[in-house]
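Quick notes on the structure that follows.
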Amino acid sequence: MRILVLGGTAFVGRAIVAEALDGGAEVTLFGRGKTGAELFPEASRLVGDRDTGDYTALRGGSWDAVVDVSGYLPRQVGQAMDALGDRVGRYVFISSTAVYQEEGVGPGADEDTPRRPPVRTVEQVEDLDNATYGPSKVACEDDVLARYGERATIVRPGQLVGPHDHSDLFTYWVRRAARGGRVALPGDPEQPVQVLDVRDLAGLVRRLVEDERPGVFNAVGPAEPTTLGGLVRSCARAAGTEVDLVRIPAELAPRFPLVRAAWATQQRDAARARAAGLPATPLSQTAADVLAWDRDRGEPPLTCGFSPEQEAAVLADPRPGGARI
């Protein structure tokens, strides 16, 4: 099977390419060629730039499937489809659960949950933020479905975690739990949390391509529902430590890894994706693999959460007027 991956050296694309190669596919990567040049020497590479609209390298060749990992703007997806035409069998678009409306969403929301209104003009979406990212993905989904119909597959991942994730949202809790002891938690430990191992997403994409399966799929996890407190404890078990969760006022850290005010959005239904072959890596295994990767890279400073010194100060004075980050 010949698979073209639009963007395949960063976190999500890297996992999808590795899974495809492991399955024996002939993989071609399309990107700027500026990062990850040492990765996947067995894969073919085509150089182009989605930001400038350079798709010249895609004017020749054909593939059984294209997996679009790096399409965020309607113009990017439209230009890619124009360049590829009918020289691809299936178009798999990696979207996001950010396409869904948050109002009125309850536990078990599936793929039929109402989406946000699409945005597609340059002025609306060239600078993506929390307000435009989801609506831009909605427009991209619509365009892919309109162009390829039954040859289109839409995958909507939630929060993805795993090795090589440089967002640090999960790595923070893995590293913090590995230290053990009293852990400051600026949120409700019973808050539902959905995180999916990126390698499980890659396994789902592989199955969808191999089975030539159309449709829309929520890629969320873990398979066993968990909470914020449960996630931290799973990370501790993976590290062989014990933790004591200390709830602190949320205003001491209003923006904190995986702490969410909208709980219902963390209880989406993945039954359709599970039935299609979404794997189920245990959360503790994901945590153990992230811990090993983090230590191997030398545990660089994290971009979110408390530093050890900040956490110690908050634990010493957990009042709303106390220490803050």
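The values are calculated or read from the model by the stated rules, or taken from the named source; none is laboratory data. Note that this is a predicted model, so its numbers are computed, not measured. With ideal geometry, Cβ positions are generated from the backbone for all residues, glycine too; neighbour counts draw on all protein chains shown.
Worth a mention:
- Residue in the stretch 83-91 that is in contact (Cβ under 8 Å) with a residue 60 or more places away in the chain, over 15 Å from Arg156 (Cβ atoms) and of a type in the set (Val, Ile, Thr) present: yes
- The residue pairs whose first member lies in the stretch 68-81 and is hydroxyl-bearing (Ser, Thr, Tyr), whose second member is in a loop (DSSP other than H, G, I, E, B), and whose beta carbons are closer than 8 Å, counting only pairs six or more residues apart or on different chains, are Ser70/Gly7; Ser70/Arg50; Tyr72/Leu128.
- Some residue of the stretch 200-207 being outside the structural domain of Arg255 (by TED's automatic domain parsing), under 20 Å from Ala239 (Cα atoms) and of a type in the set (Asp, Glu): no
- Scanning the stretch 30-44 turns up one or more residues that are out of contact with any helix residue (DSSP H, G or I) (no Cβ under 9 Å at 6 or more places or on another chain), surrounded by fewer than 18 Cβ atoms within 10 Å (Cβ to Cβ) and closer than 26 Å to Arg151 by Cβ.
- Annotation for the stretch 155-165: no member residue is at pLDDT 95 or above, assigned to a helix (DSSP H, G or I), buried (at least 21 other Cβ atoms within 10 Å of the Cβ) and not aliphatic (A, V, I, L, M).
- Each residue in the stretch 71-80 was checked for being surrounded by fewer than 21 Cβ atoms within 10 Å (Cβ to Cβ) and more than 18 Å from Pro135 (Cβ to Cβ), and 1 of them qualify.
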